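Structure first, commentary second.
Rule-based calculations on the coordinates, nothing more; no lab input. From a predicted model like this one, the values you see are computed outputs, not experimental measurements. With ideal geometry, Cβ positions are generated from the backbone for all residues, glycine too; neighbour counts draw on all protein chains shown.
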């Protein structure tokens, strides 16, 4: 048996591994360390059996209020939009206006739009 085969069987140690470890100081030391760590871990306190169920139920209890908050917020936004549409829907103008804003115009565009669009200076007066 090779060292790599013995290491692969560290959890399933058998007689062949024991024979190999008797002739290989490296594998013998590895097995000795493994046994010591196994004893140490087995003496450590264990988590209660129902710990996972308690964690899941605590997480599920916290999820419910969050869902309700999102639902309440969405309902409030929806209601506000409906009220706004209903309130603004009744006050339509009979004379439509077009608002045109010229951000940056060439001199040719300024002369062709001069009668249609008031200049910034004209609006300020």
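Here are the numbers for the structure shown:
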{"item": "Estimated inter-spin distance, residue 36 and residue 83, nm [label 7 Å along Cα→Cβ]", "result": "7.3 nm"}
{"item": "Inter-label distance for residue 59 and residue 71, nm, one decimal - labels placed 7 Å from Cα along Cα-to-Cβ", "result": "2.2 nm"}
